[in-house]
Amino acid sequence: MHQNPPADGWSVFWSARAGVFKIKRAFNAEEMNRTVTTAAEINLHKGILYDKLADGRARCNVCQHRCTIAEGKFGVCRTRTNKGGDIYSTIYGLVSSMSADPIEKKPLYHYMPGSKCFSLGSFGCNFHCVFCQNWQIAYADGASIKDGQMVSPEQAVHLAKRHGCKSISWTYNEPAIWLEYTLDCAKLAHEQGIRTVYVTNGFATPEHLDVIGPYLDVYRVDIKSFSDDFYKELINVPKMQGILDVAKIAKDKWNMHMECVTNIIPGRNDDPDNLRAIASWICANLGELTPWHVTRFFPCAQLTDVPPTPPETLELARTIGREAGLKFVYIGNIPSDQNTNCPTCGSLAVERAGYNTYVEAVTDQGACTNCGADLGIVMTLENG
Ligand code: SF4
């Protein structure tokens, strides 16, 4: 399946493997010659949320690392640098991948089910997960990025509308380190009636949430474990409590739609007590209607010696989640029942087959058509 390139230089093609439309821009000759080899050659964009320090260094407050960066150096994410005592982003508008995805692919099962979400990712990450599934872009060094295409916020929103997407998500790599760009995009998106989504590791600061909060509708957050040791040993992050605190802010202060993901890795975070702690925290703090996606791990990046998650572990996680009080636990990355049934009367509310989604019995207010129970599903832009 192939579509003709549109007149404005963007081409669209069908990726059978990914099951989505992929979008690429045909570079002109001048752009083809653009080769980025050093930070100085990268389009530096003035940052926000930082403190200037007396000795010429600057402290970045975009994520919980709160890096102190000296002149010419980079933060942990390798995409933010100090120039003249100010912090600059090296990835503003720099896109590694984009596509018009089914929103279920994020995964988001309770936000405008069956709609399309325009998804953009850049380079770099503030986490260094040894099991990263997108390591090719997440491990990229902001000082030596040679790939990618420039997409302005106006172009991103234009493309989202053109492809009939009801939302834009920043995904594939960590959106928090892309704040200046996501903020500009999100403001424009809201002006055009398009909803906005962070697919995030949750390590943004409270200040970050306060900046993006008025323009961000959905917080799809990973809770990778309930153990600091896991975050320390496999991600190089000392503590996980801040992730929970900021997720609460997203929910309580900014009223974002929340869905959580735990990728279950054999021998690392599959202990039933750990899974119970995650599920219980979600239920007590984000609410029993918050979907919890427990997904299958596949060997990748530096963790190639660990086998894929056994199906029975995922089934056990689903049982644990339900016992903890969660009404909606979905198993991902493996064929399984993906449907949403009303937890009160059992009616089939949303049927899913692969990425084909059929809304069967949900009101515009997100309740079961049969018995009226709240399913916590956002169905329309008006209610989103
Ligand atoms: S966004 Fe990057 S530079 Fe800023 S605190 Fe986080 S890791 Fe450090």
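Give the residues of the stretch 73-99 that are within 10 Å of the ligand (Cβ to nearest atom) and of a type in the set (Phe, Trp, Tyr), sorted by residue number.
Result: PHE74, single match.
If you go through the stretch 294-327, how many residues are assigned to a helix (DSSP H, G or I) and of a type in the set (Ser, Thr, Tyr)?
The initial filter retains those residues of the stretch 294-327 that are assigned to a helix (DSSP H, G or I), namely 311-323.
Filter once more, so that each one left must be of a type in the set (Ser, Thr, Tyr): 313, 319.
Here the count works out to 2.
Just to check your reading of the model, which residue among TRP170, TRP178 is of a type in the set (Phe, Trp, Tyr) and touching a helix residue (DSSP H, G or I) at 6+ places or on another chain (Cβ under 6 Å)? Write out each step before concluding.
On the way: TRP178 fails: touching a helix residue (DSSP H, G or I) at 6+ places or on another chain (Cβ under 6 Å).
Of the residues listed, the single one that is of a type in the set (Phe, Trp, Tyr) and touching a helix residue (DSSP H, G or I) at 6+ places or on another chain (Cβ under 6 Å) is TRP170.
Would you say VAL261 is farther than 19 Å from VAL197 by Cβ and under 17 Å from the mean Cα position of the chain (by Cα)? Give the steps one after another, and end with the answer.
On the way: farther than 19 Å from VAL197 by Cβ: no; under 17 Å from the mean Cα position of the chain (by Cα): yes.
The answer is no for VAL261.
Out of (1) under 16 Å from THR79 (Cβ atoms); (2) surrounded by fewer than 22 Cβ atoms within 10 Å (Cβ to Cβ), what's the single condition that is false for GLY213?
(1)
Quick test for you: out of TYR139, TYR111, TYR88, pick the one residue that is of a type in the set (Phe, Trp, Tyr) and within 18 Å of ARG195 (Cα to Cα).
Working: TYR139 fails: within 18 Å of ARG195 (Cα to Cα); TYR88 fails: within 18 Å of ARG195 (Cα to Cα).
None of the other options fit; the residue is TYR111.
Do you know which residues across the stretch 349-366 are farther than 14 Å from VAL378 by Cβ, assigned to a loop (DSSP other than H, G, I, E, B) and either touching a Ser or Thr at 6+ places or on another chain (Cβ under 7 Å) or modelled with pLDDT under 95 (or both)?
Within the stretch 349-366, GLY354, TYR355, ALA361 qualify.
What's the number of the only condition in (1) surrounded by 22 or more Cβ atoms within 10 Å (Cβ to Cβ); (2) more than 25 Å from THR171 (Cα to Cα) that VAL237 fails to meet?
For VAL237, the failing item is (2).
Restricting to the stretch 104-138, what's the tally of residues that are among the aromatic types (Phe, Trp, Tyr), in contact with a helix residue (DSSP H, G or I) (Cβ under 8 Å, 6 or more places away or on another chain) and closer than 30 Å to ASN236 by Cβ? Let's see the steps before the verdict.
Restricting attention to the stretch 104-138, the residues satisfying the condition of being among the aromatic types (Phe, Trp, Tyr) are 109, 111, 118, 123, 127, 131, 135.
Add one more test, that the residue is in contact with a helix residue (DSSP H, G or I) (Cβ under 8 Å, 6 or more places away or on another chain), and what stays is 111, 118, 123, 127, 131.
Still in the running and closer than 30 Å to ASN236 by Cβ: 123, 127, 131.
Going through the stretch 104-138 one residue at a time, the tally reaches 3.
Before we move on, is GLY346 touching a Ser or Thr at 6+ places or on another chain (Cβ under 8 Å), on the phi > 0 side of the Ramachandran plot, surrounded by fewer than 20 Cβ atoms within 10 Å (Cβ to Cβ) and not polar (S, T, N, Q)? First the steps, then the outcome.
Numbers: touching a Ser or Thr at 6+ places or on another chain (Cβ under 8 Å): no; on the phi > 0 side of the Ramachandran plot: yes; surrounded by fewer than 20 Cβ atoms within 10 Å (Cβ to Cβ): yes; not polar (S, T, N, Q): yes.
Taking the combined requirement at face value, the residue does not satisfy it.
Which pairs have Cβ atoms under 6 Å, sit 6 or more apart or on different chains, and link a residue in the stretch 41-67 that is without any contact (Cβ under 8 Å) to a residue 60 or more places away in the chain and over 13 Å from TYR88 (Cβ atoms) to one that is aliphatic (A, V, I, L, M) and near the ligand (Cβ under 8 Å from one of its atoms)?
That search, which allows pairs on different chains as well, returns CYS67/VAL76.
Quick one: in the stretch 50-68, which of the residues that are crowded, with 21+ Cβ neighbours inside 10 Å and among the aliphatic types (A, V, I, L, M) is farthest from GLY148 (Cα to Cα)?
The qualifying residue farthest from GLY148 (Cα to Cα) is ALA58.
Specify the residue that is modelled with the highest pLDDT; the eligible residues are those in the stretch 293-331 that are surrounded by fewer than 18 Cβ atoms within 10 Å (Cβ to Cβ) and either under 17 Å from ASP222 (Cα atoms) or basic (Lys, Arg) (or both).
Out of the qualifying residues, it is ARG322.
Table: residues versus (1) of a type outside the set (Gly, Ala, Ser); (2) farther than 21 Å from LYS73 by Cα; (3) surrounded by fewer than 19 Cβ atoms within 10 Å (Cβ to Cβ).
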site: TRP135; (1), (2), (3): yes, yes, yes
site: ASP141; (1), (2), (3): yes, no, yes
site: MET150; (1), (2), (3): yes, yes, yes
site: PRO153; (1), (2), (3): yes, yes, no
site: VAL157; (1), (2), (3): yes, yes, no
site: HIS163; (1), (2), (3): yes, yes, yes
site: ILE168; (1), (2), (3): yes, yes, no
site: CYS185; (1), (2), (3): yes, yes, no
site: GLY193; (1), (2), (3): no, yes, yes
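Being small (Gly, Ala, Ser) and either within 14 Å of MET379 (Cα to Cα) or surrounded by 20 or more Cβ atoms within 10 Å (Cβ to Cβ) (or both) is the filter here, so list the residues in the stretch 98-117 that pass it. Write out each step before concluding.
As a first pass, look at the stretch 98-117 and keep what is small (Gly, Ala, Ser): 99-100, 114-115.
Those that are small (Gly, Ala, Ser) and either within 14 Å of MET379 (Cα to Cα) or surrounded by 20 or more Cβ atoms within 10 Å (Cβ to Cβ) (or both): SER99, GLY114, SER115.
How many of the residues making up the stretch 341-355 are touching a residue at least 24 places away in the same chain (Cβ under 8 Å) and either among the charged types (D, E, K, R) or not assigned by TED's automatic domain parsing to the domain that holds PHE328 (or both)? Give the derivation first.
Keep residues of the stretch 341-355 that are touching a residue at least 24 places away in the same chain (Cβ under 8 Å), which gives 342-345, 347, 349-350, 352, 354-355.
Now drop any that are not either among the charged types (D, E, K, R) or not assigned by TED's automatic domain parsing to the domain that holds PHE328 (or both), which leaves 352.
The qualifying residues number 1.
If I ask for residues that are assigned to a loop (DSSP other than H, G, I, E, B) and either over 21 Å from the mean Cα position of the chain (by Cα) or outside the structural domain of ASP222 (by TED's automatic domain parsing) (or both), which ones from the stretch 284-293 would you list? Give the derivation first.
Initially, the stretch 284-293 is screened for residues assigned to a loop (DSSP other than H, G, I, E, B), giving 286-291.
Result: GLU288, single match.
The values are calculated or read from the model by the stated rules, or taken from the named source; none is laboratory data. On a predicted model such as this, the values are computed, not experimentally measured, just so you know. Cβ atoms come from the backbone with ideal geometry, glycine included; neighbour counts cover every protein chain shown.
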